[in-house]
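The next block holds one structure in the form of structure tokens; read it before the comments.
The values are calculated or read from the model by the stated rules, or taken from the named source; none is laboratory data. Being a predicted model, the structure only gives us computed values, none of them experimental. Ideal geometry is used to build each Cβ from the backbone, glycine not excepted, and the neighbour counts take in all protein chains shown. Ligands, DNA and RNA are excluded from the accessible area calculation, which covers all protein heavy atoms including side chains. Shrake-Rupley method; radii C 1.70, N 1.55, O 1.52, S 1.80 Å.
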Amino acid sequence: MAALDLFGRRWALRILWELRAGPLGARALLARCEGLSSSVLYQRLRELTSSGIIAPSADGYELTRLGTELSGAFRRLDEWAVTWAQELERNDQEPTET
């Protein structure tokens, strides 16, 4: 449950999603996450770092080995989300019974 508590915190998953392609600094993360405040960003970075999912790097922050493994789960979740969205769209196009 600790993982769900961590990932359920606002912006945690988005930060991890943005780091999936490589290291980013705090300014780049703020630019990519419109609406994210710097105080919340630094709090999430501390939490994700202390959990061993990300680590500071010369270029900002990057996924650790565990974070990279988690990134694979994100890809599967993203694939599922595409299928789900297509299903919702298909259901919206079907005639409804009255």
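Where in the chain lies the longest segment free of GluC sites (Glu not before Pro) that are both loop residues by DSSP (not H, G, I, E, B) and have at most 16 other Cβ atoms within 10 Å? It works out to 35-96. In a fully extended conformation the segment linking Ala28 and Glu89 would gain 18.6 nm over its present Cα-Cα distance, using 0.36 nm per residue.
Summed over qualifying helices (DSSP H, 4 residues or more, each -39500 (n - 2.57)) and divided by its residue number, the chain shows a 222 nm mean residue ellipticity of -20000 deg cm²/dmol. Measuring with a 1.4 angstrom probe and ignoring ligands and nucleic acids, Thr68 comes out at about 80 Å² accessible.
Probing with 1.4 Å while keeping every protein chain in the model, the per residue accessible area of the chain equals 71 Å².
Leaving out ligands, DNA and RNA, and with a 1.4 Å probe, what % of the accessible surface on the chain is carbon or sulfur? It is 53 percent, rounded to a whole number.
Across the chain, Cα pairs under 8 Å and at least six residues apart give a relative contact order of 26 percent.
Based on alpha-carbon atoms, the Kirkwood radius and the radius of gyration of the chain give Rg/Rh equal to 1.12.
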